[in-house]
Amino acid sequence: MTQAQFDFEQAWASSIPARWRWTRNKELLAESQDVSFDGSEELLSVSHLTGITPKSEKNVTMTAAENLDGYRLVDTGDLVINTMWAWMGALGVARQPGLVSPAYGVYSPRPEAPFNPAFYDYLYRSTPYVMEMTRLSRGIWSSRLRLYPDAFLRMAIPVPPLEEQRAIAEYLDRETAHIDTLIEEQQRLIEMLRERRRVLVTRAVCFGVDEGVELRDCGDPVVGLVPRHWTVKAVRYWLESLDGQRIPLSGEERADRRGDFDYYGASGVIDQVDGYLFDEPLVLVSEDGANLLMRSTPIAFAAKGRYWVNNHAHVLRPLNDGDVDFWAQRLEALDVTTVVSGATQPKLTAGALMGLRVSAPDDVDEQRRIAEYLAAQTSKIDMLIVESERFVELSRERRAALITAAVTGQIDVREMV
C-alpha cells in the first residue's frame, strides 16, 4: 500500500472493495466560477435536510441591491456546498440549473471523469463523508466553521466503476424512498395524535368532563359558551402573579452554579443550578419568544418541587387552592395571539396575560377531576407519540446506515437492482 493509499484509508477509517479505487476530489471536480449576468436563473437553496431545492420566491430586493455580484451559476450535475454549513451536511448535487449566492461553493464534474451525479449526491451527504468535511473545516466551531475549496478538493474520495455507481444510486433511490414513505406516514400520525390531544384538552378545560352539562352564552364573544355553573373572569381573579420573585441568571452565572435544581425559562427547563426560588407547585407561562405565536411547544406548564425561574416566564399561583395542573392546561388552551405585542420579539406582558377573561369552575374538586381525567387520557396519546417519534428516529438512523454501507462498498448491490 502506498502512502497516498494509506492517507485515503485513514480519511475514511474504512476499507473499500478491491475493484474500487481511491482518488481526490480535485481529480473528479473543478471549482466553477461562472457568474450570472442578469439573474434570470432559478435561485437555489442548500440544506442539510433537503439537499438542493429551489427557493419558493426570489428575494428581489436583496438581489437587486447586490446586483448579483458573485452569484454563481449552477448546472445540472454540479456539486453545490454551503461552505458555512458543510459540517451539517448542507450540500448536494444539483438536479436542475440555477443560481446560488457567493456563500456557496460550486464544483463541476471534469470531462470524462467517472462521476455519476446520483451516486455522488448520496456519497457526499453520507455520515462518514460529512464527518470528514467537519474535520477539515476551519474557523470557530458552529458559527464560522467553513469548508474552503482547497481543503475540499484534496479530500479523499472512493471511485467505484461507473456502472456500479449507477447500480448503487438506483438501489438507494428505491430503498430510501420506501423508508421515507414510512417516515412520512409516522409523521402524519404524530400530527394527528397531537391534534387529537389538543382537541381533547381544549374540550375538557373549556366545557368540563361531565356528561350532559348544560351550557350558556356568557355574553363574551371571545369566551363563548360555558357550562352554566362556571364563572368567567379575568386571569388576575383566578391566579396571582409572583413575577417579582423571579431572578435571571446569565449563562456564565449558571455555569458557575451547576446543581440539582431545575432552572426554567420561557419554554420549560433550560438548565440546572445549585439553588431555588420557589418551593411549591405553580403555573409558568411564556413571557416572550416566537413560540407564543407558533405554539410548537406548550406556553403554559406546571412547575413542581424546588426550582428557579428566570424573567422569561410568568409565575402564577392559583387562588383559593386552585389546582395547578388544571390551570396549566386551561391557560395553555387560551388564544393569546390578540394580546401578544412586538414584531421582532413577540411578548406577552403580565398586564395582557392577567387581563385575559377565562371560564373555569369555582369548585376546586371539579378542577382536580378535569386534571385527573386529562392526565389519564393524554398519557395514552403521549405514549403513542413517543413510540411514533422513536420509529422515525430509528428509520432515519437506518436510512443513514444504509447509505453509508452502499456508498462505501460494505454491501454489494450489483445483483439487487
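The values are calculated or read from the model by the stated rules, or taken from the named source; none is laboratory data. Bear in mind the structure is a predicted one, so any value in this text is a computation, not a measurement. So basically every Cβ, Gly included, is an ideal-geometry build from the backbone, and we count neighbours across all protein chains shown. All accessible areas refer to the heavy atoms of the entire protein, side chains included, with ligands and DNA or RNA removed. Shrake-Rupley method; radii C 1.70, N 1.55, O 1.52, S 1.80 Å.
Worth pointing out:
- Calculated FRET value between S296 and Q245, using beta carbons and R₀ = 25 Å, to 0.05: 0.30
- The convex hull built on the alpha-carbon positions of segment 133-237 has an orientation-averaged projected area of 15.3 nm².
- Surface accessible to a 1.4 Å probe, per residue, for the residues of the chain, Å²: 52
- Based on the Kirkwood approach, the hydrodynamic radius assigned to segment 174-312 is 18.7 Å, with every pair of different Cα atoms included.
- Annotation: Cα Rg of segment 139-183 relative to the compact-globule expectation 2.2 N^0.38 Å equals 1.79.
- Stokes-Einstein D for segment 347-405, Kirkwood Rh over Cα pairs, 4 °C, 1.567 mPa s (µm²/s): 82
- Taking the average, over residues, of other Cβ atoms within 10 Å as the packing measure, peptides 79-90, 36-47 rank 79-90, 36-47 from highest down.
- The Cα center of segment 361-417 and the Cα center of segment 151-227 differ in position by 10 Å.
- Sulfur and carbon atoms: percent of accessible area, the chain [1.4 Å]: 51
- Highest average packing first - 312-323, 184-195, Cβ atoms within 10 Å: 312-323, 184-195
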